[in-house]
Amino acid sequence: MTSAPLVRLERVGKRFGEGPAVLAGIDLTVERGDFVSIVGPSGCGKSTLLRLIAGLIGPSEGQIAVAGAAPASARDKMFFVFQDASLLPWRRTAANVELPLLLRGLGPAERRARVGQALELVGLTDAADKFPWQLSGGMKMRASIARALSVAPQILLLDEPFGSLDELTRDRLNEDLLAIRERDPFTACFVTHSVSEALFLSNRVVVLAPHPGRIAHVVEVPFAYPRPASLREDPVFLQLLAEVSHRLRAATPEGAAR
Amino acid sequence: MKRHLPWILPLAAGILILAVWYAVKAIFGIESFILPSPDEIVRAGWHERRSLLSSALLTGRGALLGFLAAVAGGFVLSVVIGFSFRLKQAFYPYILILQMTPVIILAPIFVLWLGQGLPAIVAITFMICFFPIVANTTMGFLSVDPGLLELFAMSRASRWQEFRYLRIPSALPYFLTGVKIAGTLAPIGAITGDFLAGSAQNGVGGIGFMTIAYFSQLKIPALFATGAVACLLGFIFVGSINLLHWLALRRWHESLRKIT
């Protein structure tokens, strides 16, 4: 039996109001267990694509199916990790992680167990009672990932989660994200503007070209999981990095990149 | 020396002001019924202490009742219009119109409806305190981080959950700012109300009423003492509200966070 893909986009286009098309003719399939990264220059519609899959916005053209249903009705199978962590400032870390469970109506015992697990998974057990302002940028992101994992989503949608972190913290979180995935498998759609990050994490990298956002190139990443941190220094990896960076630059019209 | 400056400086300035006061009075020979000296004011205040205390309590009661009514009414109305942008569009202009109508004009209407005395004073205080609370709180309900709204959408939150767990806490600092402004206005409102709609029992009324009484009796030092009492009442009011504000937000809000 062949199972249907977890996410399928067919000829998807999006424009806001009367504005120009942000995305056009997007065909994309994400299979169960995939880690798909979407890279592209600023303003190419990466985040819009992710929000379409999440059902936070609707497409202007084409079809989107998540687990065979419309995205908005498949929300309990997904969760979103936002660019700026989006923690509620008045809730402590544990209470922030608990929030989606609370909103989805889980009982207190179940919530406590899941929050404990999720915090342990991201290494934030000791920060459970801290308020967001007491956390560093990296810790905030960990809390945000713990919150997403606590609902045990089949698909995790991550919108440039590590974009504002320093390189060291970002590399570390990349490694941790893969380690978490070994223990607790999920399918991921990951938006980033870092080609290196995309290659390190994914089995497939989708390169978008802007104006309107469209798929310029798809790269299959040949490395097996689990991936060691040293993969970043592997000649094959570096070769691929150069190649994809080149493709990304080729897809970006002169002067469009910021 | 340097660490005592924060209290030495205002003390020195206070002494300077008192000195100028006495000097001006002596040099220009100003009569006490035009400008009483500070010691005359203190003596008059002591002499009238019973009347002043009961007038302060009366006005304080009016201010507190009007303030509490405005906080409760303002919050409820903000919840109603904050829950829906359309409701806000529909009703906000009329709230503004009410706010734009001077209290001086509303006062006789309240007296007509409620009679002279406490109910009218409370109504006038309410009218003065109500608007800053509504304006701030609705602003708070409507200015919620869009990223957090998406988070709630992903969590499949109901409209009510979104309100309970997101909009109300987001609006809390705005609401408390409105409450703070209302707190500074409440004693003024109650004194104005008392001035316009107050009544007296055994010759003692609220602060506004005493102002009129002392003025017509030309008890000018007592009039000044009444001003000091009104000031004190205002400080007590604002001080208690600032304390509540601090207690509610100190743990998480950036305005009150200790810099570490």
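Set the Förster radius R0 to 51 Å, insert the Cβ-Cβ distance between B:A228 and B:W113 as r into 1/(1 + (r/R0)^6), and round the FRET efficiency to 0.05.
0.95
Taking only the Cα atoms of region B:200-260, the radius of gyration and Dmax are 18.9, 58 Å. Between helix A:137-150 and chain A there is an angle of about 80 degrees, using the helix long axis and the longest principal axis of the Cα atoms. Each principal axis of the Cα atoms in the protein assembly as shown has its own extent, and those three values, largest first, are 99, 59, 53 angstrom. Per residue, region B:127-248 exposes an accessible area of 43 Å² to a 1.4 Å probe, with every protein chain left in place. For the modelled label position 7 Å from the Cα of A:D84 along Cα-to-Cβ, which residues of region B:141-170 have backbone nitrogen atoms closer than 12 Å? Correct set: B:144-149. The accessible-area loss of region B:143-161 on complex formation, taken against its chain alone with a 1.4 Å probe, reaches 30 Å² or more at B:L148, B:E150, B:L151, B:F152, B:A153, B:M154, B:S155, B:R156, B:Q161.
In the full protein context, region B:1-107 carries 68 Å² of accessible surface per residue, based on a 1.4 Å probe and ignoring ligands, DNA and RNA.
So what is the orientation-averaged projected area of region B:97-206, using the convex hull of its C-alpha atoms, in nm²? For region B:97-206, the mean projected area of the Cα convex hull comes to 8.6 nm². Taking every full run of DSSP H in chain B, the ones that stretch at least 18 Å from end to end by Cα along their long axis and average 0.5 or higher on the Kyte-Doolittle scale are B:5-28, B:49-83, B:85-100, B:118-142, B:168-197, B:220-249. Chains B and A together bury roughly 2200 Å² of accessible surface, counting both sides and using a 1.4 Å probe on protein heavy atoms.
What the Cα convex hull of chain A gives, in volume per residue, is 142 Å³. Note on B:L53 and A:H246: their simple-model spin labels are 9.3 nm apart, each label 7 Å out from Cα toward Cβ. Computed about the Cα centre, the dipole magnitude for the protein assembly as shown is approximately 940 debye when only Lys and Arg (+1) and Asp and Glu (-1) carry charge, each at its Cβ.
Contact residues in region A:66-86 (at least 20 Å² less accessible area with all protein chains than alone, 1.4 Å probe): A:R75, A:D76, A:F79, A:F82, A:S86. For chain A, the longest principal axis of the C-alpha atoms and the axis of helix A:235-251 are separated by about 60°. Expressed to the nearest 5 percent, the antiparallel share of DSSP beta bridges inside the protein assembly as shown is 50 percent. Shown here for region B:21-77: GluC sites (Glu not before Pro) in loop regions (DSSP other than H, G, I, E, B) with at most 14 other Cβ atoms within 10 Å, namely B:E31.
Using the 1.4 Å probe convention, the accessible area of chain A works out to 43 Å² per residue with neighbouring protein chains retained.
Per-atom-type breakdown for the protein assembly as shown gives carbon and sulfur 63% of the accessible area (1.4 Å probe, protein chains only).
Indicate the residues belonging to region B:211-257 that lose 40 Å² or more of solvent-accessible heavy-atom surface (probe 1.4 Å) upon moving from the chain alone to the assembly of all protein chains, ignoring ligands and nucleic acids. With the partner chains in place, region B:211-257 has these residues losing at least 40 Å²: B:R251, B:W252, B:R257. Taking the DSSP bridge list for chain A and keeping only pairs wholly inside it, about 50 percent are antiparallel.
Based on every Cα atom in chain B, Rg and the maximum pairwise Cα distance Dmax equal 23.0, 77 Å. Per-residue surface analysis assigns B:F83 an accessible area of about 80 Å², computed on protein heavy atoms at 1.4 Å probe radius. With Cα atoms as the point set, the radius of gyration and Dmax of region A:48-90 evaluate to 12.1, 40 Å.
Roughly speaking, what is the centre-to-centre gap between region B:103-136 and region A:61-128 when only Cα atoms are used, to the nearest Å? When both Cα centres are located, 48 Å separates them.
The values are calculated or read from the model by the stated rules, or taken from the named source; none is laboratory data. Predicted, not measured: the structure shown is a model, and the values here were computed from it. Here Cβ is always computed from backbone atoms with ideal geometry, including for glycine, and neighbour counts include all displayed protein chains. Surface accessibility is based on the protein's heavy atoms, side chains included, excluding ligands, DNA and RNA. Shrake-Rupley method; radii C 1.70, N 1.55, O 1.52, S 1.80 Å.
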